[in-house]
Amino acid sequence: MPLTRSTPKSSLATLKGLLPFLAPYKREFLVAGIALVVAAGATLAIPYAFKQMIDLGFGAAGAKSIQHVNTYFLALFGVACILAVATAARFYMVSWLGERVTADIRSAVYRHVVSQSPQFFETTQSGEVLSRLTTDTTLIQAVVGTSISMALRNALLFVGGLSMLFVTSVKLSSIIIVLLAVVVLPIVIFGRRVRKLSRDSQDRIADASAMAGEILNAMPTVQAFTHEAMESSRFSSLVENAFNTAMRRIRARAMLTLLAILLVFGAIVFVLWLGAHAVIDGQMSGGELGQFILYAAIVAGAIGALSEVLGEAQRAAGATERLLELMAVHSPIQPPTLPQKLPPRSHNGAALVLQEVTFHYPSRPLTASLSHLSLVIQPGETVAVVGPSGAGKTTLFQLLLRFYDPQQGLITLDGVDIRQLDLHDLRAAIGIVPQDTVIFSANALENIRYGRIEASDAEVIAAAKMAAAHEFIEKLPQGYQSFLGERGVRLSGGQRQRIAIARALLKNPPLLLLDEATSALDAESERLVQSALEAALIGRTTLIIAHRLATVQRADRIIVMENGEIVEVGTHASLIALGGVYANLAALQFHAFS
C-alpha cells in the first residue's frame, strides 16, 4: 500500500508513538531526571540566597554585615557548583538518549521497510522513505535529546518558581496568574498553526528528495535526452516550494515567540511595578522584592522556553506521525505462524507444482496476469518458458519467490505449499538471475559473495569461473577487490549479468530461476556462460525465461505462454513441427537474423 499523508492531529498525542522506543532506557531516564531535579532545585535556591544576602547582609551593620555577605556568597558559589555538575550530567544523559533512541528508530524503520513486499516499492518513492529515515528522525532526535529535557526542566522551574512567588507575595502572584491565563490562550491557538505548517514543510522536503533520487538514478537517460536544464528547473521549483513553505513556518514561529515574550513579560513588568510601589509603601522588604523579581524572571523564562520547546515538539509530532505511518504499513506477504520445513534436499533438485494458479496485480485487478495455470516440474528437470512480452513469464517467477500470492490456486515446492514455508526458507531454496541485474556499491568479490555471505574467497572465485566472469574480473585494476561503482556503472551489461550469474551459482540452490540470464551477453560470452550453466544445472531444477530461442533449445521441456496461460508444451523440435505460437516466434526470430 502507498504511504499516505494524513491530516495533522490537533494535539501532541502523536508523540506517544515514541514510547516503545523510550521504554528500554528507563534507568538512563531516571538518572537524567535526578540530575534535572537537582539542577532545577539549585536554580530555584539562588533567588532565596539573594533575598537573605540583601536583607541580612546589606541590612545589618559592621562585621556582622560582612559575615552575612561572605556566608551567602559562599553559599551562592556552592549552589553554582551543584548546578554546574547537575546540568552537565543532564546534558550528557539526554544527549546520549537522543542519539540512542534515534539510532533505534532508524534501525526499526529500515528493518520494517526492507521486509515489505515489492508491491510497497512499486507505489512508494525511495526518496520519500529516505526523507523519513533522515530528516524526520533528526527532528525526533532534537526532541528526545534536548526538548524533552528542556520541557521538564522549565516545567519544574515554572512550578517551583510560581510556588515561591506565592510564598513571597500572594497578592502579586495572584495578579500574575490571572494575566498569564489571559495571554496563554492566543499562544496555544497560534501554536496549532505552527504544527500544521511544520508538517507541510516536511512533506515539501520529502517531495524534493524523492524527485532528486529518481533523477540521479536515471542520469544517463537524462543526459542522453539533454534534459539537464529541465530537471534542474524542476528540482529548483520543488526546492523553492519547500523554501516558501519553510518560511511560512518560520514566520509563524517568529510571531509565536514574539507573542509569547511580549504578553508574558508585559504581564510580569506590570506586576513588578506594583511590587515596587509595595516596597515604597513598606509592605515588602527590598530582599523580598529582589527575590520576587528573580522568581518572576525564572517563571517568565520558563514560559518562553516552553513555548519554544512546544514549537520543536510540534515539528517532532509531525515527523513522528510520518514515521508511524511508515511503520503501520504491513506487507500482504506474511510468513505463517507455524511454518513447515522443506524435506531434506534431493540430489536431483526440487519438485515444483502449480495447480490452477490465477493472479491479478493489485494495480490491475481486472486483468489476469496468470489464468488457471497448472504445471508439474520434476526434480532435476530444466524447463524453458517462452512467449511474447506480457505473457506472464516474469510474473510466474515473482509468485514462486512469493513476492506476491495468487488469488486462486496452489504452488508447492517439494510437496509443501510455499505459503506454509518461512519466507527465508523458501527464498533460500531458490536462486535467481534477474533480467535487470543489480550490482551493489562494493567490490567484485563482495558482489558475488552476496549470494552466500559465508562463502570463502576460493568458492567465490570458483563461481566466477563457472559464470565466465573470472577473466574480466582479473583484468580489473584491483582484480576481485575492484570497486564496481554505484549500480555497476564501471561494467558493461554483459559483465554485470555474469556477476549476477556467479552470485546465483554461489548460492547453490535446488531451484534456479534464470530470467533472460544471457540477454546482455555477446555471442562469445553467451557460449562460455551456456557451457558453464549446463554444468551448473546438474543436480538442480531450473526454469529459464528467454526470448532468444537458441538459449532454450536444449531444455527438457519448453512451456509456451500467451495471455497468462500455457498454450503449448514440448521440445524445440516438436513445437516447430506443431506450427503454433512457438513456431511463429522461431520464424520471426530466425528471419530477423537471416
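The values are calculated or read from the model by the stated rules, or taken from the named source; none is laboratory data. In this text the structure is predicted, and so the values were computed from the model without any measurement. Here the Cβ positions follow ideal geometry from the backbone for every residue, glycine too, while neighbour counts run over all protein chains shown.
Taken residue by residue, segment 214-234 has no member that is surrounded by 12 or more Cβ atoms within 10 Å (Cβ to Cβ) and in contact with a Lys or Arg (Cβ under 7 Å, 6 or more places away or on another chain). Listed here are the strands (runs of 3 or more DSSP E) enclosed by segment 304-393 that have at least 2 residues being farther than 30 Å from residue 586 by Cβ, at pLDDT 80 or above and of a type in the set (Gly, Ala, Ser), and there are none.
Table: residues versus (1) at pLDDT below 85; (2) on the phi < 0 side of the Ramachandran plot; (3) loosely packed, with under 15 Cβ neighbours inside 10 Å.
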{"residue": "447", "(1), (2), (3)": "no, yes, no"}
{"residue": "458", "(1), (2), (3)": "no, yes, yes"}
{"residue": "480", "(1), (2), (3)": "no, yes, no"}
{"residue": "497", "(1), (2), (3)": "yes, yes, no"}
{"residue": "514", "(1), (2), (3)": "no, yes, no"}
{"residue": "526", "(1), (2), (3)": "yes, yes, no"}
{"residue": "543", "(1), (2), (3)": "no, yes, no"}
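In segment 332-360, which residue that is among the hydroxyl-bearing types (Ser, Thr, Tyr) and surrounded by 15 or more Cβ atoms within 10 Å (Cβ to Cβ) is nearest to residue 395 (Cα to Cα)? In this case the residue turns out to be 358. Looking across segment 137-170, the residues that are within 21 Å of residue 290 (Cα to Cα) and free of Cβ contacts under 8 Å to residues at least 60 places away in the same chain come down to 159, 163, 166, 167, 170. The requirement of being out of contact with any strand residue (DSSP E or B) (no Cβ under 7 Å at 6 or more places or on another chain), within 30 Å of residue 39 (Cα to Cα) and either in a helix (DSSP H, G or I) or not assigned by TED's automatic domain parsing to the domain that holds residue 279 (or both) is fulfilled somewhere in segment 244-253, by at least one residue. The single condition among (1) surrounded by 16 or more Cβ atoms within 10 Å (Cβ to Cβ); (2) out of contact with any Gly (no Cβ under 8 Å at 6 or more places or on another chain); (3) not assigned by TED's automatic domain parsing to the domain that holds residue 135 that residue 313 does not satisfy is (3). Within segment 119-178, the set of residues being in contact with a Gly (Cβ under 6 Å, 6 or more places away or on another chain) and over 19 Å from residue 267 (Cα atoms) comprises 126, 127, 141, 144, 145.
On the basis of being of a type in the set (S, T, N, Q) and in contact with a Ser or Thr (Cβ under 8 Å, 6 or more places away or on another chain), does residue 346 make the cut? No: the conditions fail for residue 346.
Condition (residue is in a helix (DSSP H, G or I), basic (Lys, Arg) and modelled with pLDDT under 80) applied to segment 212-235: is it met by at least one residue? No, the conditions are met nowhere in segment 212-235.
Can residue 443 be described as within 27 Å of residue 352 (Cβ to Cβ), touching a strand residue (DSSP E or B) at 6+ places or on another chain (Cβ under 9 Å) and surrounded by fewer than 20 Cβ atoms within 10 Å (Cβ to Cβ)? No; evaluated as a whole, the condition is false for this residue.
For segment 272-308, a tally of residues being surrounded by fewer than 21 Cβ atoms within 10 Å (Cβ to Cβ) and among the β-branched types (Val, Ile, Thr) returns 3. Against the test of being part of a helix (DSSP H, G or I) and surrounded by fewer than 16 Cβ atoms within 10 Å (Cβ to Cβ), the options 138, 102 yield a single qualifying residue, 138. Within segment 221-248, residues that are under 17 Å from residue 207 (Cα atoms) sit with their Cβ atoms under 7 Å from residues that are of a type in the set (D, E, K, R) and modelled with pLDDT under 85, at 6+ positions apart or across chains, in these pairs: 238/207; 241/204; 242/204; 245/200; 245/204.
Contact map, segment 74-92: first residue farther than 15 Å from residue 28 by Cβ, second residue among the hydroxyl-bearing types (Ser, Thr, Tyr) and modelled with pLDDT under 90, Cβ cut-off under 7 Å, separation 6 or more or different chains; pairs are 83/43.
With respect to (1) in contact (Cβ under 8 Å) with a residue 60 or more places away in the chain; (2) within 16 Å of residue 561 (Cα to Cα), the lone exception for residue 363 is condition (2). Criterion applied to 208, 267, 181, 276 was being closer than 30 Å to residue 318 by Cα and in contact (Cβ under 8 Å) with a residue 12 or more places away in the chain, and the one residue passing it is 208. Counting only helices (runs of 4 or more DSSP H) that sit wholly inside segment 416-519, those with at least 3 residues that are over 30 Å from the mean Cα position of the chain (by Cα) are 457-466, 470-474, 493-507.
Considering the conditions (1) touching a His at 6+ places or on another chain (Cβ under 6 Å); (2) at pLDDT 75 or above, residue 74 is excluded by exactly one of them, (1).
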